[in-house]
Amino acid sequence: MTTEIEGERLNRYLARCGLGSRRNVETLIFSGRVCVDGQRAHSPGERVVEGSRVTFDGRPLFPLDSLYLALNKPRGVVCAVSDPFDRTVVDLLPEVFAGRRPFPVGRLDRESEGLLLMTNDGDFAHRILHPRFGVVKRYEVRLDRALPDLLLSRWRRGLRLDGRLVVPHAVERLPEEDRGLSLSLNEGLKREIRRMAEQLGFRVLSLRRCAIGGLVLEHLRLGDFLEVDGSNLWQMIKSGGIV
């Protein structure tokens, strides 16, 4: 809890105002778009005390009532707050949520579908996304043809992406589906699964995220969402739950 003497770190305050995860808000700070009491902020660790005036591009910011949503993202929708060409996951939500500025936690590419969390709580998003918190995401993938055992073993050992070795948490065959795989990942690089498949000479025909930690997608229809209490949602992610 913050006090008038010590205050609150600027990156945490901005996250509570719905500007995004810690990583996103730190980028905004370094870009010079955030001011505290009329002075341009330079560090995520600057303190915001009671009565401080914080602005972003000159617009005053205030902490929002927290919002936590589980969404079954359909294909053809992008994981963004706004986009000039495509429909976004925010466009799937009722207008009543607009003022609370929800953003997607992580990403599923345009042609992927499945479980997506949305929130305006940057600290919550950080706990979901940062590998040190150990929240594994599980995906069901269908390739253009069956994957031989030799290449399955190679995928399990890891492939190089963006100049480093990326090792999946698990890669298993789906029962009764010779072209189907279940992949579990500790982190989410851009188009990670599709790029790994391409390295091995395969094309992904369909990709669906079916679980985030212990939270499993089972009941939500494509395009539908469920609002969940933040504490309950985190407990389901850590210990198990179904949406």
Query raised in the report: How many residues, within the range 1-31, are open to solvent by 20 Å² or more (accessible area, probe 1.4 Å) and at pLDDT 90 or above?
Result: 7
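Is it the case that the range 100-116 has a residue that's of a type in the set (Phe, Trp, Tyr) and in contact with a Ser or Thr (Cβ under 6 Å, 6 or more places away or on another chain)?
Keep residues of the range 100-116 that are of a type in the set (Phe, Trp, Tyr), which gives 103.
Now restrict to residues that are in contact with a Ser or Thr (Cβ under 6 Å, 6 or more places away or on another chain): none.
No, the range 100-116 contains no residue that is of a type in the set (Phe, Trp, Tyr) and in contact with a Ser or Thr (Cβ under 6 Å, 6 or more places away or on another chain).
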Query raised in the report: Got a sec? Which of Gly114, Gly134 is under 21 Å from Lys238 (Cα atoms) and open to solvent by less than 30 Å² (accessible area, probe 1.4 Å)?
Result: Gly114
Report task. Could you check, for the range 153-160, whether at least one of its residues is at pLDDT 95 or above, among the aromatic types (Phe, Trp, Tyr) and under 30 Å from Gly18 (Cβ atoms)? Result -> no
**Report entry** Flag if Ser206 is part of a strand (DSSP E or B), crowded, with 17+ Cβ neighbours inside 10 Å and at pLDDT 95 or above
**Finding:** no
Query raised in the report: Does Ser52 satisfy the criteria of being out of contact with any Phe, Trp or Tyr (no Cβ under 7 Å at 6 or more places or on another chain) and touching a residue at least 40 places away in the same chain (Cβ under 8 Å)?
Result: yes
**Report entry** Cross-chain or 6+ apart pairs with Cβ under 7 Å, the range 122-133 first and among the acidic types (Asp, Glu), then open to solvent by less than 10 Å² (accessible area, probe 1.4 Å) and part of a helix (DSSP H, G or I)
**Finding:** Asp123/Ala15
Query raised in the report: Going by the structure shown, is Phe103 farther than 29 Å from Ser182 by Cβ, buried (at least 16 other Cβ atoms within 10 Å of the Cβ) and in contact (Cβ under 8 Å) with a residue 12 or more places away in the chain?
Result: no
Report task. Output the residues belonging to the range 157-192 that are within 26 Å of Phe133 (Cα to Cα), open to solvent by 10 Å² or more (accessible area, probe 1.4 Å) and among the aliphatic types (A, V, I, L, M). Result -> Leu165, Val167, Ala170, Leu189
Requested in this report: For Val141, work out the one condition from (1) free of Cβ contacts under 8 Å to residues at least 12 places away in the same chain; (2) more than 30 Å from Arg100 (Cα to Cα) it doesn't fulfil.
Outcome: (1)
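Results for (1) under 23 Å from Arg208 (Cβ atoms); (2) part of a loop (DSSP other than H, G, I, E, B); (3) within 14 Å of the chain's Cα centre (by Cα), shown as yes or no for each residue.
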residue: Leu28; (1), (2), (3): no, no, no
residue: Gly32; (1), (2), (3): no, yes, no
residue: Asp65; (1), (2), (3): no, yes, no
residue: Asp83; (1), (2), (3): yes, yes, no
residue: Asp91; (1), (2), (3): yes, no, no
residue: Gly99; (1), (2), (3): no, no, no
residue: Gly106; (1), (2), (3): yes, yes, yes
residue: Met118; (1), (2), (3): yes, no, yes
residue: Ala125; (1), (2), (3): yes, no, yes
Requested in this report: Scan (1) part of a loop (DSSP other than H, G, I, E, B); (2) buried (at least 19 other Cβ atoms within 10 Å of the Cβ); (3) not basic (Lys, Arg) for the single condition Glu50 breaks and write down its number.
Outcome: (2)
Report task. Spot the failing condition for Leu152; the list is (1) in contact with a strand residue (DSSP E or B) (Cβ under 8 Å, 6 or more places away or on another chain); (2) open to solvent by 70 Å² or more (accessible area, probe 1.4 Å), and only one is missed. Result -> (2)
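The values are calculated or read from the model by the stated rules, or taken from the named source; none is laboratory data. In this text the structure is predicted, and so the values were computed from the model without any measurement. Neighbour counts run over all protein chains shown; Cβ positions are idealised from the backbone, glycine included. Ligands, DNA and RNA are excluded from the accessible area calculation, which covers all protein heavy atoms including side chains. Shrake-Rupley method; radii C 1.70, N 1.55, O 1.52, S 1.80 Å.
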